[in-house]
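Written out below as structure tokens is the structure these notes cover.
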């Protein structure tokens, strides 16, 4: 989803309005966009999504399940259908939506996905959600500065990544745009760039650790 690959089809604003993305949003809604491979989805992902929903006072959080993370070998990535099913098990409640929108539109770059969704839903107040581990490497994403400038961003603390995240190139580049965590409930209405770092209890679940455990069990 994030770093490399070719966008097969990026529609213009008129075409985007006709796309069936698997969800509908109304103007004025505060919506979090939470992207990832979810390979597999785990309680750490749910922790990030739920923390953002509560602390930012969001109406919905959309889990954008990536077709393929280009930084990781395809043979280590489960089929999209399987990862979608796992994400649905973790995304609890009616306000959590699991979507394969990126596969539907043929986008593998986050920046292209965000631009399309903003065109499709011009009255919606979007927030990009990520774990601190993603902020630590955000500078490796295609169009990362444009991502920070396209909509407000919420970063949720994750084990082993907090220090790297807060001293990362992205955090340093946009230190002027960091807002106090207490402003989380109004973040969706802020003009980008604007981001908050949300601290809280750590969840130590890891997709990498889960895959390694599963491989050991199948030997």
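The values are calculated or read from the model by the stated rules, or taken from the named source; none is laboratory data. Here the structure is a predicted model, which means the values were calculated and not measured. Ideal geometry is used to build each Cβ from the backbone, glycine not excepted, and the neighbour counts take in all protein chains shown.
General remarks:
- Any hit, the stretch 71-78, residues being within 21 Å of residue 164 (Cα to Cα), touching a helix residue (DSSP H, G or I) at 6+ places or on another chain (Cβ under 9 Å) and surrounded by fewer than 21 Cβ atoms within 10 Å (Cβ to Cβ): yes
- Some residue of the stretch 119-131 being crowded, with 21+ Cβ neighbours inside 10 Å, over 19 Å from residue 51 (Cα atoms) and in contact with a strand residue (DSSP E or B) (Cβ under 9 Å, 6 or more places away or on another chain): no
- Considering only residues in the stretch 50-69 that are assigned to a strand (DSSP E or B) and in contact (Cβ under 8 Å) with a residue 60 or more places away in the chain, the one that is farthest from residue 179 (Cα to Cα) turns out to be 64.
- Lone unmet requirement of (1) more than 13 Å from the chain's Cα centre (by Cα); (2) at pLDDT 95 or above; (3) more than 18 Å from residue 41 (Cα to Cα); (4) crowded, with 18+ Cβ neighbours inside 10 Å for residue 139: (4)
- Hits in the stretch 79-90 (condition: in contact with a helix residue (DSSP H, G or I) (Cβ under 8 Å, 6 or more places away or on another chain) and either at pLDDT below 75 or under 18 Å from residue 44 (Cα atoms) (or both)): 87, 90
- Some residue of the stretch 200-211 being at pLDDT 95 or above and more than 22 Å from residue 40 (Cα to Cα): no
- Annotation: residue 47 fulfils all but one of (1) surrounded by 13 or more Cβ atoms within 10 Å (Cβ to Cβ); (2) part of a loop (DSSP other than H, G, I, E, B); (3) at pLDDT below 95; the unmet one is (2).
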